[in-house]
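What follows is a set of notes on a single structure, which appears directly below.
Throughout, read-outs are computed from the coordinates displayed, never taken from laboratory work. Keep in mind it's a predicted model, so treat the numbers as computed, not measured. Cβ coordinates were reconstructed from backbone atoms using ideal geometry, including for glycine residues, and neighbour counts include every protein chain displayed.
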C-alpha cells in the first residue's frame, strides 16, 4: 500500500507534466499573449513552426509540419489524460517518449545545453518514473479499479 505522501507526489507530478504540455500548446496558439509579450515563447502558430522547423531541420518541410501537428495533438491528448488520470501507465510512458523526442530535437537544433536548461530530460525522467507506479490515487484509473 502506498503512503498518502506518495499519492500526493505522483498527483503533483501528473499535474506538472500535464500543465507543461497544455501551457506549451496554449503558447503556440497565442493564448498566453502576443509574440514578444513577457513570458511568451511563440505567441502564434507561425513562430512555433519556425522553432519546430529548426528542431526538425533534418526532415523535409511537409514531414516537419506534420511532426509539429502530431506533437501538438499528442501534447493536448497526453496533457488532458495525465490531468484526469486515465490510463496513466501508458500515457506517462508515451509522455516520456514524446519528451525524449523533444529533447533530442532540441539537442540537434540548438545543442545539448538547451534541453538541460529547460529540464526536458528531467521531465522525461519524471514521466518514465510515473509510468512505473503501481497505483494512482486521485485518478480515474483508481476510481475504475475500485468499481471492479
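Find the relative contact order for the range 4-147 and round it to a whole percent, using C-alpha pairs within less than 8 Å whose residues are 6+ positions apart. Mind showing how you got there, number by number?
Working: 167 pairs, mean separation 38.0, N = 144.
So the answer I get is 26 percent.
Taking a label point 7 Å from the Cα of residue 93 along the Cα→Cβ vector, which residues of the range 122-145 have an amide N closer than 13 Å to it?
128-133
Where does helix 4-28 land angle-wise versus the long Cα axis of the chain, in degrees 0 to 90, nearest 10?
Taking the Cα atoms of the chain, the angle to 4-28 is about 20 degrees.
May I ask you to compute the full-extension gain from residue 145 to residue 70, defined as 0.36 nm times their residue separation minus their alpha-carbon distance, rounded to one decimal in nm?
Values: separation 75, 0.36 × 75 = 27.00 nm, distance 3.09 nm.
Here the segment from residue 145 to residue 70 would lengthen by 23.9 nm.
On a 0 to 90° scale, report how tilted helix 61-84 is relative to the longest principal axis of the chain, with both axes built from alpha carbons and the result rounded to the nearest 10.
Between helix and principal axis, roughly 30 degrees.
Which residues in the range 75-105 place their backbone N less than 18 Å from a point set 7 Å from the Cα of residue 135 along the Cα-to-Cβ direction?
85-89
Quick one: Cα convex hull volume of the range 4-147, Å³ per residue? Don't skip to the answer; put the middle values down first.
Values: hull volume 16.0 nm³, N = 144.
Per-residue hull volume (Cα only) is 111 Å³.
Rounded to the nearest 10 degrees, what's the angle between the helix 120-130 long axis and the longest principal axis of the chain, both from Cα atoms, 0 to 90?
Relative to the chain, helix 120-130 is tipped by roughly 20 degrees.
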